[in-house]
Amino acid sequence: MNNSLFTIADKLIKNHSLTPDEYEQLVSGYSKGLANYLSANAVKVRKNIYSNQVFIRGLIEISNICKNNCFYCGIRGGNHYCQRYRLTPKEIMQCCVEGYELGFRTFVLQGGEDGFYTDEMLCHLISNIKKVFPDCAVTLSLGERSKESYRKLFDAGADRYLLRHEAADKELYEKLHPTGMSFENRMNCLKNLKDIGFQTGCGFMVGAPYQTARHIAKDLKFIEEFKPDMCGIGPFIPHRDTIYAKENAGSADLTCYLLSIIRLIHPNILLPATTALGTVSDDGRERGILSGANVVMPNLSPESARKKYELYNNKLNTGVENAFHIAELKKRMENIGYEVVVARGDVARMRNAECGMKG
Ligand code: SAH
């Protein structure tokens, strides 16, 4: 046992904050024992706030057409092998109808940066969804847009926005993205989303090319300071049509360890056990929940779209990944002592002093 690492872990549990050096030591000092210690504590604070409830989100992948060329991403604009598609507002609405029937009360509209979806079109779609399903939350994950655009989408009724920061270190961000994309703009978008009033989510890939423990420490410090309502992290997984095709995938162990750390930084955060985690490990979903996650996002996209939304190779699109197999997901969660609930599943608003103090 490395006592100083457990001392750092205790400090995190008590203060919900560490210095970048301490985060780095924790990340590079990964051990099974430390992981178990952190996950036990993460589960404890999560249970105090969210009990044994797991929130589900219906993920609708609205388009794989993208003007960007993020080096790691299978649907980057420059990938000419990618078969492109986009869903019409009518098709998206149909996904919501089916999702509602299955018990989903949050719809996540995710896609590439596709200029087809103007503010006007999206606003119309969002207000329609909210009109037909007033008890549902709408989450958007459509990349970088102007502040005015974000405000219009919010005013039309969108509740949440997911925009992973991808890397809190500018140099690493620039290694993962082409020159047309800027670290500053990404960060500015996140700030704008929060200012407007969205429940805002950031996040990053674990084990991305060139990423070190120091980089991850910066991500954790950023997450601590930015105070997002949601945070999406999952292992990086290579895609054959990218320059990172030959890189190794990120590890499930490290991803779960980081889920525990993020839960301890922000006890009330909405934290998904992501598809990428389920892809690198058969029981990734369960392991994510048992490490402190409290959200799963099964896929509600039409069958024809699902295979084409290939961010990375071997992306799961069957089994519990499929929203239509919700019964199997429920059973798997029950097997580990959790309950999938029919609810919007908003972030629990609480004063910091209350977080994780009970029990
Ligand atoms: N265009 C939107 C949605 C991007 S896809 C946006 O910019 O936010 C959602 C997330 O998938 C990305 O933020 C990225 O972190 C993740 N992703 C992309 N390629 C990946 C890969 N090869 N392995 C793992 N995750 C990947």
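Brief remarks follow.
- Within region 251-272, being in a loop (DSSP other than H, G, I, E, B) and either of a type in the set (S, T, N, Q) or surrounded by fewer than 22 Cβ atoms within 10 Å (Cβ to Cβ) (or both) holds for Ser251, Asn268.
- Cross-chain or 6+ apart pairs with Cβ under 8 Å, region 162-191 first and over 19 Å from Ala217 (Cβ atoms), then small (Gly, Ala, Ser): Leu162/Ser141; Leu162/Gly201; Leu162/Gly203; Leu162/Gly232; Leu163/Ser141; Leu163/Gly143; Leu163/Gly201
- Some residue of region 77-86 being within 24 Å of Arg344 (Cα to Cα) and modelled with pLDDT of 95 or more: no
- Number of positions in region 223-278 that are near the ligand (Cβ under 9 Å from one of its atoms) and aliphatic (A, V, I, L, M): 4
- Filter result (away from the ligand (no atom under 15 Å from the Cβ), open to solvent by 10 Å² or more (accessible area, probe 1.4 Å) and either under 24 Å from Ala42 (Cα atoms) or not basic (Lys, Arg) (or both)) within region 292-319: Pro302, Glu303, Ser304, Thr318, Gly319
- Scanning region 31-54 for residues that are crowded, with 16+ Cβ neighbours inside 10 Å and either at pLDDT below 95 or in contact with a helix residue (DSSP H, G or I) (Cβ under 8 Å, 6 or more places away or on another chain) (or both) yields Leu34, Ala35, Tyr37, Leu38, Ser39, Asn41, Ala42, Val43, Val45, Arg46, Val54.
- Scanning region 266-325 for residues that are of a type in the set (D, E, K, R) and in contact (Cβ under 8 Å) with a residue 24 or more places away in the chain returns Arg285, Glu286, Arg287, Arg306, Lys308, Glu310, Lys315, Glu321.
- Per-region count, region 282-291, residues in a helix (DSSP H, G or I) and open to solvent by 30 Å² or more (accessible area, probe 1.4 Å): 2
- Annotation note: Cβ proximity below 9 Å between a residue of region 104-129 that is farther than 16 Å from Gly143 by Cβ and among the basic types (Lys, Arg) and a residue that is open to solvent by 40 Å² or more (accessible area, probe 1.4 Å) and more than 16 Å from the ligand (Cβ to nearest atom) (sequence gap 6+ or interchain) occurs for Arg105/Asp135; Arg105/Val342; Arg105/Arg344.
- Check on His80, assigned to a loop (DSSP other than H, G, I, E, B), open to solvent by 10 Å² or more (accessible area, probe 1.4 Å), away from the ligand (no atom under 16 Å from the Cβ) and not small (Gly, Ala, Ser): yes
- Just one of (1) among the aliphatic types (A, V, I, L, M); (2) touching a Phe, Trp or Tyr at 6+ places or on another chain (Cβ under 8 Å); (3) away from the ligand (no atom under 16 Å from the Cβ); (4) open to solvent by 20 Å² or more (accessible area, probe 1.4 Å) fails for Ile65. It is (3).
The values are calculated or read from the model by the stated rules, or taken from the named source; none is laboratory data. Remember, predicted model here, so these are calculated numbers, not experimental data. For neighbour counting, all protein chains shown are included, and Cβ atoms are generated from backbone atoms with ideal geometry for every residue, glycine included. In case anyone asks, the SASA skips ligands and DNA or RNA and just uses the protein heavy atoms, side chains included. Shrake-Rupley method; radii C 1.70, N 1.55, O 1.52, S 1.80 Å.
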